[in-house]
1. Pick out the one residue from 167, 189, 197 that is surrounded by fewer than 18 Cβ atoms within 10 Å (Cβ to Cβ), within 30 Å of residue 129 (Cβ to Cβ) and touching a strand residue (DSSP E or B) at 6+ places or on another chain (Cβ under 7 Å).
2. Could you list, in sequence order, all residues of the range 200-213 that are loosely packed, with under 15 Cβ neighbours inside 10 Å, over 15 Å from residue 33 (Cα atoms) and modelled with pLDDT of 95 or more?
3. Select, from 246, 224, 256, the only residue that is in contact (Cβ under 8 Å) with a residue 24 or more places away in the chain and within 20 Å of residue 39 (Cα to Cα).
4. Can you pull out every residue in the range 45-65 that is farther than 12 Å from residue 117 by Cβ, in contact (Cβ under 8 Å) with a residue 40 or more places away in the chain and either in contact with a strand residue (DSSP E or B) (Cβ under 6 Å, 6 or more places away or on another chain) or surrounded by fewer than 23 Cβ atoms within 10 Å (Cβ to Cβ) (or both)?
5. Among the listed residues 114, 179, identify the single one that is under 16 Å from residue 37 (Cα atoms) and in contact with a helix residue (DSSP H, G or I) (Cβ under 9 Å, 6 or more places away or on another chain).
6. Check the range 140-156 and report whether any residue there is over 30 Å from residue 186 (Cβ atoms) and free of Cβ contacts under 8 Å to residues at least 60 places away in the same chain.
């Protein structure tokens, strides 16, 4: 029964409900706020921000939705900064052998000014339904990022700019998702973020906070108004890695758990 209820929530919103518009446990811990943050998950969350990462990295993300089999998300992402440019790629998977969605993405970001950047992603989205076959479509995402001051960053991002529709399918066009947000860092230990999302004409406001009680430890919390959800999580940063764990509480469906691992690739220096 719970599986049917979840599918009733998610399947009509294929792409917004299956393959995620946001990746990384850190983003989910902050209520889904992600458009102003510069980390490896920017490959999915806002391509404009990839160029601000300092080292090549590879990352893994897993989300268990409401502890129900067949509704998990998995993602692997890689990113490489190169001067005023950065490049990234990701592979996302949602579902099981009977029904699944996949998204393959290749991203690029450029920084014409030290305080401004833009980025684009070319994607291939596909859906498979047992006994019915599979459908696919090429989509484009894009975004911008502006550092308004040392403490304030603004970001804007659009998923599915060209309103792609799954081929050989009578389904409606995949939703266009707009994200616009502000991130404020009053100190190196605190981040406060607010973001507005518009999905299929419905608006959603999310807010999140991240506090560092120690150099390598972060505590996060957030809230989202669309199907009201509360979230929290913790992150730990090591020498060349970061691990984040978070939980999202849905008022009707229960709890979803997320975990992500990021590994920075460091060149070995010859002695």
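1. 167
2. Listed by number, the list holds a single entry, 213.
3. So the residue among 246, 224, 256 that is in contact (Cβ under 8 Å) with a residue 24 or more places away in the chain and within 20 Å of residue 39 (Cα to Cα) is 246.
4. Across the range 45-65, the qualifying residues are 55, 56, 57, 58, 59, 60, 61, 62, 63, 64, 65.
5. Exactly one residue qualifies, and that residue is 179.
6. Yes: the range 140-156 contains one or more residues that are over 30 Å from residue 186 (Cβ atoms) and free of Cβ contacts under 8 Å to residues at least 60 places away in the same chain.
The values are calculated or read from the model by the stated rules, or taken from the named source; none is laboratory data. Everything numeric here is computed off the predicted structure, so don't read it as measured data. A quick note on method: Cβ atoms are made from the backbone with ideal geometry, for glycine too, and the neighbour counts reach across all protein chains shown.
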